[in-house]
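No lab work stands behind these numbers, since they all come straight from the coordinates. Since we're looking at a predicted model, the values are computed, not measured. Here Cβ is always computed from backbone atoms with ideal geometry, including for glycine, and neighbour counts include all displayed protein chains.
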Amino acid sequence: MRVKGLQTEEMVRFLIDPDRALTFHLQCIRYPPIHLVWLPVARQSIRLANKEMRSEVIKYPNGLERTVEFTIKGLHLETFLDS
């Protein structure tokens with residue numbers, strides 16, 4: 001395993017579990033912070049995107065419905081995807 005030149009995203013994945021990394025992303029990396037009520041939405045979006053189901057619709061906590069693709073882009077979750 002290479003440590004020298006480790007990218008931030010790789011370091012986060014290496015040091016902490018995925019839920020903690022996602023929580024850190026939503027609360028600390030994003031500005032303004034995204035309320036943790038969105039954590040299940042983010043998890044579901046990542047799971048579906050990794051299964052190539054980006055056109056699936058997800059119901060948001062506020063009652064709106066959007067596609068996985070829209071959610072991935074809106075919450076800036078690209079670094080959490082497998083591909």
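The table for this structure:
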{"read-out": "Selection count where residues are surrounded by 12 or more Cβ atoms within 10 Å (Cβ to Cβ) and touching a strand residue (DSSP E or B) at 6+ places or on another chain (Cβ under 9 Å), scope segment 43-56", "value": "5"}
{"read-out": "Segment 35-66: number of residues that are in a loop (DSSP other than H, G, I, E, B), within 20 Å of Phe24 (Cβ to Cβ) and among the hydroxyl-bearing types (Ser, Thr, Tyr)", "value": "0"}
{"read-out": "Total residues in segment 19-52, condition of a type in the set (Phe, Trp, Tyr) and touching a residue at least 24 places away in the same chain (Cβ under 8 Å)", "value": "1"}
{"read-out": "Options Pro32, Pro61; residue that is over 20 Å from Asp17 (Cα atoms) and touching a His at 6+ places or on another chain (Cβ under 9 Å)", "value": "Pro61"}
{"read-out": "Candidate set: segment 57-83, residues that are closer than 12 Å to Arg43 by Cα and among the β-branched types (Val, Ile, Thr); chosen: the one nearest to the chain's Cα centre (by Cα)", "value": "Ile72"}
